[in-house]
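The values are calculated or read from the model by the stated rules, or taken from the named source; none is laboratory data. Being a predicted model, the structure only gives us computed values, none of them experimental. With ideal geometry, Cβ positions are generated from the backbone for all residues, glycine too; neighbour counts draw on all protein chains shown. Surface areas here come from the heavy atoms of the whole protein model, side chains and all, with no ligands, DNA or RNA. Shrake-Rupley method; radii C 1.70, N 1.55, O 1.52, S 1.80 Å.
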Amino acid sequence: MSERESMEFDVVIVGAGPAGLSAACRLMQQANEAEQELTVCVVEKGSEVGAHILSGAVIESRALDELFPDWKELGAPLNTPVTEDQIFLLKNEEKSIQVPNAFVPKTMHNQGNYIVSLGNVCRWLAEQAEQLGVEIFPGFAAAEVLYNDDGSVKGIATGDMGISESGEQKDSYMPGMELHAKYTIFSEGCRGHLGKELIEKFELDAEADAQHYGLGIKELWDINPDKHKLGLVVHGSGWPLSDGASGGFFLYHAEDNQVVVGLIVDLNYSNPYLSPFDEFQRLKHHPVLKQYLEGGKRVSYGARAITKGGFNALPKMTFPGGIVAGCNAGTLNFSKIKGTHTAMKSGMLAAEAIFEAIQSGCKGGKELNSYADKFESSWLYDELFRGRNFGPALHKFGPIMGGAFNFIDQNLFGGKIPVTLHDDKEDFAQMLPASDCKEIEYPKPDGELSFDKLSSVFLSNTNHEEDQPCHLQLQDHTIPLSRNLPQYAEPAQRYCPAGVYEVIEEAGEQHFQINSQNCLHCKTCDIKDPAQNIRWVTPEGMGGPNYPNM
């Protein structure tokens, strides 16, 4: 391999999401106020900023208000204030109960919030960052953490380009670049593969509960203008999830006669026959959702895992030379079903701790001890602490009794009920043998409200260079057929929302096939595989989905 060139920065940020871009903006704001030269670089694996961003999203503007108090004048794309909240419990495929707002945990009230495309919000944040002097490199995937001789983080290396599937250099070969920094912020989003490495290496989760995840699947629809109710936010739970599976759906009326509709399935489910994708497809036939979607047109599709363990599962976020931030650390507030404002605030706090260290003359490589103090004295810490029981209550007691507990905790005790619930069993370990579970038969898609996986992936604009090493790495190539198939009916065929994994038969022999070109970068396989045998690593830069305004 050719020797890699290197570039030096004060701060390198991995991932152009809400946390990373907010950190970049806050760093440069401080530098400009202090008239101090500062070099900040953001690397983003997507083809452009926003290409890999997928969220509901209803966002709270609290962090944005602090970062850019004049965001309205600057043209931030928060154009649709929430006008009404509706929450439903779906009893079966036809019936539902609308929950009166008086009985809804107050954290789920959305007055004052905005329905947005988070991809477009990130594109806008990137514009602000560049105007402040940040360098942003889309299409460059951070593939490797670099370490100093003393074990502290030195920076990252971007992935080599032009390597064939067999590992040979093609004519298009370009070696990756080393980006060195005094401090590196890892804001890759949920289950970032470098963040995962750092949490393990520095034992950052030694005192935390097991982390928990959900898989969010989302579609964007153009609907009949007569059915559109600008600003309406609909949430719900119940049907079609059953047999201990939990989660919830959302439907938001955005601008331009569009709605976003989706389902979040908690990845602690036990039945290996469950398919989150197919649960979502049949959900859309329920009258609560069908009334808006019928006669409309689906225009985009995507999926992404979310980190939802909350306060109890937060790792230590700092280590020598860097910090994990946002959903990479797990700052989502599950009691609000929101993670954008919390991710932004975590990035801003990281920026403040780093700038203080650099301004004091630190040359990097040291631990940012001031970050813990800043975090614990911030509204972010208080908000996450108040929501610490929300997820564990739902997991332990179910949606009805858990919902009642959360109503009491949030509405009567303000999130400070004198008890802390824990949920310390990892999601992958909760899957039961297929022989102990009932096989689930899903209805065939009708092509109007429900669809198949391949036509859905097509709408995500997903593309990967075909002749490259597979970025879905099996630690043991025999496990899918020798262990997962007989014990769990190989659940990767169903938990993947993009049809990446298949068990096929050729000439009387079974083969485990990985269609890596379909990968949406949702990370579900890295989380849910019962053998923990699949390791997601970054493919060549620019590979993956290209979401327009998700």
Can you find even one residue in region 303-314 that is of a type outside the set (Asp, Glu), more than 23 Å from the chain's Cα centre (by Cα) and part of a loop (DSSP other than H, G, I, E, B)?
no
Taking the condition of being surrounded by fewer than 20 Cβ atoms within 10 Å (Cβ to Cβ), assigned to a helix (DSSP H, G or I) and not polar (S, T, N, Q), how many residues in region 496-550 meet it?
0
Failed item in (1) within 30 Å of residue 367 (Cα to Cα); (2) open to solvent by less than 30 Å² (accessible area, probe 1.4 Å); (3) under 21 Å from the mean Cα position of the chain (by Cα), with residue 250 passing the rest:
(1)
Kindly list, by first and then second residue, each pair from a residue in region 332-356 that is acidic (Asp, Glu) to a residue that is assigned to a helix (DSSP H, G or I), limited to pairs with Cβ atoms under 8 Å and residues at least 6 apart or on different chains.
352/26; 352/30; 352/374; 356/370
Of all the residues that make up region 113-152, how many are of a type outside the set (Val, Ile, Thr), part of a loop (DSSP other than H, G, I, E, B) and out of contact with any helix residue (DSSP H, G or I) (no Cβ under 7 Å at 6 or more places or on another chain)?
10
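Residue by residue, here is whether (1) open to solvent by less than 70 Å² (accessible area, probe 1.4 Å); (2) over 25 Å from residue 380 (Cα atoms); (3) small (Gly, Ala, Ser); (4) touching a residue at least 40 places away in the same chain (Cβ under 8 Å) holds:
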residue	(1), (2), (3), (4)
38	yes, yes, no, yes
41	yes, yes, no, yes
46	yes, yes, yes, yes
59	yes, no, no, yes
63	yes, no, yes, yes
77	yes, no, no, yes
80	yes, no, no, yes
84	no, yes, no, yes
Go through region 359-389 residue by residue and tally those that are in contact with a Lys or Arg (Cβ under 6 Å, 6 or more places away or on another chain) and either free of Cβ contacts under 8 Å to residues at least 24 places away in the same chain or part of a helix (DSSP H, G or I) (or both).
1
Those residues that are crowded, with 23+ Cβ neighbours inside 10 Å and of a type outside the set (A, V, I, L, M, F, W, C), I need them from region 138-162; list them, please.
154, 155, 158, 159
Take residue 271 and tell me if it is of a type in the set (S, T, N, Q), open to solvent by 20 Å² or more (accessible area, probe 1.4 Å) and over 21 Å from residue 448 (Cβ atoms).
no
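Condition (residue is part of a strand (DSSP E or B), open to solvent by less than 20 Å² (accessible area, probe 1.4 Å) and not aromatic (Phe, Trp, Tyr)) applied to region 182-204: is it met by at least one residue?
yes
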Within region 224-243, does at least one residue satisfy the condition of being of a type in the set (Ser, Thr, Tyr), within 20 Å of residue 529 (Cβ to Cβ) and either out of contact with any Asp or Glu (no Cβ under 7 Å at 6 or more places or on another chain) or open to solvent by 50 Å² or more (accessible area, probe 1.4 Å) (or both)?
no
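Going through 480, 486 one at a time, which residue ends up being in contact with a helix residue (DSSP H, G or I) (Cβ under 9 Å, 6 or more places away or on another chain), open to solvent by less than 60 Å² (accessible area, probe 1.4 Å) and modelled with pLDDT of 95 or more?
480
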Going by the structure shown, is residue 323 open to solvent by less than 10 Å² (accessible area, probe 1.4 Å) and among the β-branched types (Val, Ile, Thr)?
yes
The correct count of residues that are over 23 Å from residue 512 (Cβ atoms) and loosely packed, with under 12 Cβ neighbours inside 10 Å in region 437-472 is 6
Is it the case, given these coordinates, that residue 170 is closer than 30 Å to residue 443 by Cα and touching a residue at least 40 places away in the same chain (Cβ under 8 Å)?
no
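Please work out if residue 169 is over 22 Å from residue 343 (Cα atoms) and open to solvent by 40 Å² or more (accessible area, probe 1.4 Å). Full working, then the answer.
Working: over 22 Å from residue 343 (Cα atoms): yes; open to solvent by 40 Å² or more (accessible area, probe 1.4 Å): yes.
For residue 169, the condition - over 22 Å from residue 343 (Cα atoms) and open to solvent by 40 Å² or more (accessible area, probe 1.4 Å) - is met.
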Quick check on my filter: what residues within region 22-66 are in contact with a Cys (Cβ under 6 Å, 6 or more places away or on another chain) and either assigned to a helix (DSSP H, G or I) or of a type outside the set (Val, Ile, Thr) (or both)?
50
Output for region 445-488, where each listed residue is basic (Lys, Arg) and within 30 Å of residue 292 (Cβ to Cβ):
453
Taking only region 405-436 into account, find how many residues are of a type in the set (A, V, I, L, M, F, W, C), open to solvent by less than 90 Å² (accessible area, probe 1.4 Å) and either more than 23 Å from residue 527 (Cα to Cα) or in a helix (DSSP H, G or I) (or both).
8
Among residues of region 279-293 being open to solvent by 30 Å² or more (accessible area, probe 1.4 Å) and out of contact with any Lys or Arg (no Cβ under 8 Å at 6 or more places or on another chain), the residue farthest from residue 242 (Cα to Cα) is 287
In region 86-112, which residues are in a helix (DSSP H, G or I) and either charged (D, E, K, R) or surrounded by fewer than 16 Cβ atoms within 10 Å (Cβ to Cβ) (or both)?
101, 102, 103, 106
Could you figure out which of (1) open to solvent by 40 Å² or more (accessible area, probe 1.4 Å); (2) within 21 Å of residue 338 (Cα to Cα) isn't true of residue 34?
(2)
For the list (1) open to solvent by less than 10 Å² (accessible area, probe 1.4 Å); (2) within 30 Å of residue 399 (Cα to Cα); (3) touching a Lys or Arg at 6+ places or on another chain (Cβ under 6 Å), I need the number of the one condition that residue 334 fails.
(1)
When you go through 205, 171 one by one, which is the residue that is more than 17 Å from the chain's Cα centre (by Cα), of a type outside the set (Phe, Trp, Tyr) and farther than 23 Å from residue 540 by Cβ?
205
